[in-house]
Amino acid sequence: MSQLFSPISLAGLTLANRIVVSPMCQYSAVDGDAQDWHLMHLGSLAISGAGMLVIEATATSAEGRITPGCLGLYSDSNEAALLRVLGAIRAHSAIPIAMQIGHAGRKASSEEPWNGGGLIAVNAPRGWQPLGPSALAQLPGEAPARAMTVAQIRDVVAQFVATAQRAQRLGIEALELHAAHGYLLHSFLSPLANRRDDAYGGSLENRMRLLLEIFDAVRAVWPAAKPLGVRISASDWVEGGWDVDQSIVLAGELKARGCNWLDCSSGGVAPALQKITLGPGYQVPFAAAIRKAVPGLPIMAVGLITDPHQAEEIIASGRADMVALARGLLYNPRWPWHAAAALGTSIPAPKQYWRCAPREFPNVLGQVKTGAR
């Protein structure tokens, strides 16, 4: 039996297979509200055959958005807009739906990628003041973020809790805290971005404090039967930055608090300094190292996982418990179907598509014969 297509349980939620649709920003919301594009985009991925669909990074406040077009869940309007999208998806798909929630930190107030992605000035019509652990710029030549006060830190914790409560009302089945890619929670973890001298900076214990406080606060309001995971950048790819050894310590702390999975990505806090060696599955060694050091914490591997046999080997060898695909699923939203065919197994599909399977794989979609006039 394919290990990639074996089920896995996270708290009270069981995924039919180990393939996860990674959260992918679409930069197409209006004032944080999901639009028709989100219905089309998520609707397509909801019938991909993956074991779980994770909604893109969803801001916990307006100032926590990366761009003016980023999705949010901080207002009644945001909640109503997502309810419409989720209602349409759930009418046609039983895929478990998770949501990644986060705060952009010093990467906030940016242009959408197709507009260059640069920082929008605070006094520009579409701009606002980015916040961070310290008054440091994300990139050379940019204006520095504003160092957060303790009161602002407490506000952010409360915002994560409020967003989690909205997600619960929407029936979201799992949450992932975004602590990767240079956004707010990652910037507190990394000594490259965090130069504070109070309880939130300096030692590893202090740099982990904000993420752990948010995890505890969200865990307290998020139902125990629903999984709560965390995405981290396991390495900054910069000497003297956040690294896999610190990630292992953090993973142990999260496991002790009831974390249900750790999603292991990398980079993003210091784009001008990071030296990343790209290649197939280039981030999988981080996942494998953390999984070995912290047994019992389910680990998700991401990053240039493109081939079904590659994904199968990652799971079967015990290097990770799940694999998450992003751009590969945008390019081929039926990747799980093709993976099932390549690995000699079958996968459920909407009845409207049962007749599309190639003749050489007649059983891959779980239906042998269908009639037609």
Using the scaling law 2.2 N^0.38 Å as the reference, what is the normalised Cα Rg of the chain? 0.97
Checking the range 271-373 for GluC sites (Glu not before Pro) in a loop per DSSP with at most 12 other beta-carbon atoms within 10 Å yields Glu360
Once you charge only the Cβ atoms, +1 for Lys and Arg and -1 for Asp and Glu, what is the size of the charge dipole of the range 230-301 about its Cα centre, to the nearest 20 debye? 240
Lysine pairs within the chain, Cα separation less than 20 Å, 8 or more sequence positions apart or different chains: 4
For the range 239-327, run through the trypsin sites (Lys or Arg not before Pro) and keep only the ones in DSSP coil with at most 10 other Cβ atoms within 10 Å of their Cβ. Lys275
With r as the distance between the Cβ atoms of Met1 and Lys255 and R0 = 35 Å, compute the FRET efficiency 1/(1 + (r/R0)^6) and round to 0.05. 0.80
Assigned charges on the beta-carbon of Lys, Arg, Asp, Glu; the chain dipole about Cα centre (debye): 900
How high is the FRET efficiency from Asp76 to Arg359, r the C-beta distance, R0 51 Å, rounded to 0.05? 0.50
Using a Förster distance of 22 Å, the FRET efficiency for Arg195-Glu112 (Cβ separation, nearest 0.05): 0.15
Per residue and in Å³, how big is the convex hull formed by the alpha-carbon atoms of the range 263-356? 129
Pairwise label distance in nanometres, Glu205 with Asp155, each label 7 Å out on the Cα-Cβ vector: 3.0
Positive-end residue of Ser317, Pro336, Leu119, charge dipole of the chain with Cβ unit charges: Pro336
Under the 0.36 nm per residue contour assumption, what length would be gained going from the current alpha-carbon distance of Arg169 and Val30 to full extension? 47.9 nm
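Laboratory data are not the source of any read-out in this text; all were calculated from the coordinates shown. Quantities reported herein were computed from a predicted structural model and do not represent experimental measurements. Here Cβ is always computed from backbone atoms with ideal geometry, including for glycine, and neighbour counts include all displayed protein chains.
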